[in-house]
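Below: one structure, written as structure tokens.
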Amino acid sequence: MAISVVMPALEMAQETGKLISWLKKEGEPVTKGEPLLEVETDKAVMEIESPGDGLLAGIRIQPGTEVPVGQTIAWIVRPGETPPTDEIASTSGRKNTAPVVAPSPSAPTSEAATLSGSPSTTQATKISPKARRLATERGVNLAEVRGSGPGGEILASDILAAAEAHEGAHAKRLAKPTAVAESSSPIARLMAERTTQSWTTVPHFFVTRDVDASALNDARQQLGPEIEKSRGVKLTHTDLLVALLARVLEKHPRMNASWTGHDVQANAEINIGLAMAVEDGVVAPVIQRANHAPLGEVAVQRRDLAERARGGKLRPSDLGGGTFTISNLGMFGVDAFTAIIIPPQAAILAVGAIVDRVVAVEGKPAVRPMMTLTLSSDHRVVDGARAAEFLRDLVNAIRNPQHHLLSNGAGK
């Protein structure tokens, strides 16, 4: 029986996805788990795997089209089989690389609505809940909006376009010259929404420590050549910090916990997110189970995630499950900064540049390569004493990295 290929839901509250490209042509064989198409979400362009084995057939949607979540866009069929003309298909053998939300009678993806307007223009059409909310927030008259979705359904993108057009027309009516605003990408808009929500709802507090990075530099010089030879990747300070941080978190599970909205939830795994700048925003792909990964494996994962992030090719699995995040701006020459927590995580570590400073060593001035760490914590999950104890242990690990890595099974 044919297997349907549907537009997947790759993130919470997602209503539509934009098909970027098919990685296979009509009639070509595909295997379960093989990359089949690319979909754009508010986070990134992601590869979606084939839900089964067979031939790609009955492609309904072409690249560049925005499609409601759950809609069938193609079929996987057996040789000689004709793709169905309805929505009935087998879902056996599907590998869930991301949650897939399909429309059902009890959970419709859109609702019927009667648009406001004059008696001569009033008409019945469909509008998604998100689009209705945006119309209210942006003051858009639904009677003046033409839907671009299936059957003329009004989507959130239609509301945003109408609002921008209205604002543009209003600006032109003003006699004074105004600056032209640069339109934001989906990633930039999502980053703005999430950082605003975090900053205004999460009770942040900050703890800062300076640490002598001499031993960290030595560890990179001593371990780096062997890792580059065996793994084919250059060891970075970030790799060392991820490995050390993950092992210190084992002793401080509260720092690795999450706020559920009502209570603190402990996380069984330690998955470290890495804040990375991309062309139009910031993403935080995750190194999974970082406390169990050898140092060389951490370096390989970090390199691969960075390459996919720069190319806009992050997969859903790259972005999920983070329990703690590092944001390192040292490579940009930033001495110190504070970072905004990524909910539901309890903390994020901001790392500054390693620079030579004059410090007191045994009562005498000396020059040392110093680094500033700033820990942002959610006060609903951890208190000041817990945060201070965690940062103290992390600083001690940085002062003697090889001992902590080798004794905790980080290896190379």
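Each reported figure results from applying straightforward, stated rules to the coordinates on display, with no laboratory input. Treat the numbers as computed from the prediction; the structure is a model and nothing was measured. Virtual Cβ from ideal backbone geometry, glycine too; neighbours counted across all protein chains shown.
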Segment ALA143-ASP335, extension gain: residue separation times 0.36 nm, minus the distance between their alpha carbons: 63.8 nm
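Taking square-rooted eigenvalues a ≥ b ≥ c of the alpha carbon gyration tensor, is region 3-77 rounded, prolate or oblate, where a/c under 1.5 means rounded and, failing that, a/b exceeding b/c means prolate? Display every interim value, and only then the final one.
Working: a/c = 1.79, a/b = 1.69, b/c = 1.06.
Note, shape of region 3-77 comes out prolate.
Please identify every one of the chymotrypsin sites (Phe, Trp or Tyr not before Pro) in region 315-412 that sits in a loop by DSSP and has no more than 15 other beta carbons within 10 Å of its own beta carbon.
Of the chymotrypsin sites (Phe, Trp or Tyr not before Pro), the ones in loops of region 315-412 whose Cβ has at most 15 other Cβ atoms within 10 Å are PHE337.
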Length added when fully stretched, ARG303-LYS364, from 0.36 nm per residue minus Cα-Cα: 17.9 nm
At R0 = 22 Å, FRET efficiency that the Cβ-Cβ distance of ARG310 and GLU226 yields, to 0.05: 0.25
Full-extension gain in nm, ASP356 to THR260, via 0.36 nm per residue minus C-alpha separation: 30.4 nm
Pairwise label distance in nanometres, THR65 with PHE205, each label 7 Å out on the Cα-Cβ vector: 5.4 nm
Greater than 25 Å apart at Cα, pairs in LYS32/LYS126; LYS32/LYS234; LYS18/LYS313: LYS32/LYS126; LYS32/LYS234
Order of LYS126, LYS313 - criterion: other Cβ atoms within 10 Å of each residue's Cβ, fewest first: LYS313, LYS126
Counting DSSP beta bridges with both ends in region 302-372, the antiparallel % (nearest 5): 65 percent
Counting all C-alpha pairs of region 189-407, share separated by more than 33 Å (%): 12 percent
